[in-house]
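Structure, as structure tokens:
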């Protein structure tokens, strides 16, 4: 029976305790504020508000290679790497390059996911790997699960995107002046697209909750936020009304996501519950 190890990057919303329980190696994606790498992000939003310059860097091939070696040292006979979507980051390419020098065979899969949705895919892979699934079988698990894994997010404040040059200055200023909330969606091809422009955050939250299946039993659901706990609580309430279940877990977006969007982001992820 194969013993396959799993590697992902820190864009996935895996808590360190969860990663240890699943025996998943997490390679860190790097965040720099004013040219200095940040690990402790307790003051992230204060520094962003003060105008800190934001830069990010994907894990290097060397960092992936070290993760492969750690898994091999723990007796893994093969490795599956499941980074953030290849269309959003160079992490996938770094994982692929590192595979060439790995001590065991490595299969690199494009999750076409990010943040919570990426984490859900990784949990599926890890649970099946623990049951003895081979890399080829894990690739089929990904193909089966990924189309039903979704992530949406509402962004009510465009000022940070304007300041960092991620959207044109004029577009951002017009959007901010109209007080609209953008609803973004991670599409099946692994790219983030604009889903709708909403007159308020409340209407964006309602749109997200309405996208959940009529019967959400057997589904994993998560509410996420970047410095917006009140908005997350409101979305969780709407989700609970929609599903008739208890409010879903609320977690924070990874610092890398928060640094790119600024505070205020509130998201919803859903997909098949892992085995």
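Does residue 127 qualify as being surrounded by fewer than 24 Cβ atoms within 10 Å (Cβ to Cβ) and either within 19 Å of the chain's Cα centre (by Cα) or assigned to a loop (DSSP other than H, G, I, E, B) (or both)?
Numbers: surrounded by fewer than 24 Cβ atoms within 10 Å (Cβ to Cβ): yes; either within 19 Å of the chain's Cα centre (by Cα) or assigned to a loop (DSSP other than H, G, I, E, B) (or both): yes.
Yes: the conditions hold for residue 127.
For the range 161-186, a tally of residues being under 23 Å from residue 90 (Cα atoms) and modelled with pLDDT under 90 returns 6.
Filtered by the rule that a residue be surrounded by fewer than 19 Cβ atoms within 10 Å (Cβ to Cβ) and touching a strand residue (DSSP E or B) at 6+ places or on another chain (Cβ under 6 Å), the range 102-120 gives 104, 105, 107. Can you find, within the range 77-101, the residue that is farthest from residue 117 (Cα to Cα) among those that are surrounded by fewer than 19 Cβ atoms within 10 Å (Cβ to Cβ) and more than 18 Å from the chain's Cα centre (by Cα)? The qualifying residue farthest from residue 117 (Cα to Cα) is 101. Looking only at the range 20-62, residues that are touching a residue at least 60 places away in the same chain (Cβ under 8 Å), in a strand (DSSP E or B) and within 16 Å of residue 261 (Cα to Cα) come to 4 in all. Screening 24, 54, 39, 11 for residues that are assigned by TED's automatic domain parsing to the domain that holds residue 123, surrounded by fewer than 15 Cβ atoms within 10 Å (Cβ to Cβ) and within 19 Å of the chain's Cα centre (by Cα) leaves exactly one candidate, 39. Could you tell me whether any residue of the range 183-201 is touching a helix residue (DSSP H, G or I) at 6+ places or on another chain (Cβ under 7 Å), touching a residue at least 24 places away in the same chain (Cβ under 8 Å), closer than 16 Å to residue 13 by Cβ and not assigned by TED's automatic domain parsing to the domain that holds residue 121? Yes, because at least one residue in the range 183-201 is touching a helix residue (DSSP H, G or I) at 6+ places or on another chain (Cβ under 7 Å), touching a residue at least 24 places away in the same chain (Cβ under 8 Å), closer than 16 Å to residue 13 by Cβ and not assigned by TED's automatic domain parsing to the domain that holds residue 121.
Among the residues of the range 63-78, the ones that are out of contact with any strand residue (DSSP E or B) (no Cβ under 7 Å at 6 or more places or on another chain) and either not assigned by TED's automatic domain parsing to the domain that holds residue 30 or not in a loop (DSSP other than H, G, I, E, B) (or both) come to 5 in all.
When the strands (runs of 3 or more DSSP E) confined to the range 212-275 are screened for residues that are modelled with pLDDT of 95 or more and under 20 Å from the mean Cα position of the chain (by Cα), those reaching at least 2 such residues are found at 219-226, 265-272.
The values are calculated or read from the model by the stated rules, or taken from the named source; none is laboratory data. From a predicted model like this one, the values you see are computed outputs, not experimental measurements. Every residue, glycine as well, gets a Cβ built from its backbone with ideal geometry; the counts of neighbours run over all protein chains shown.
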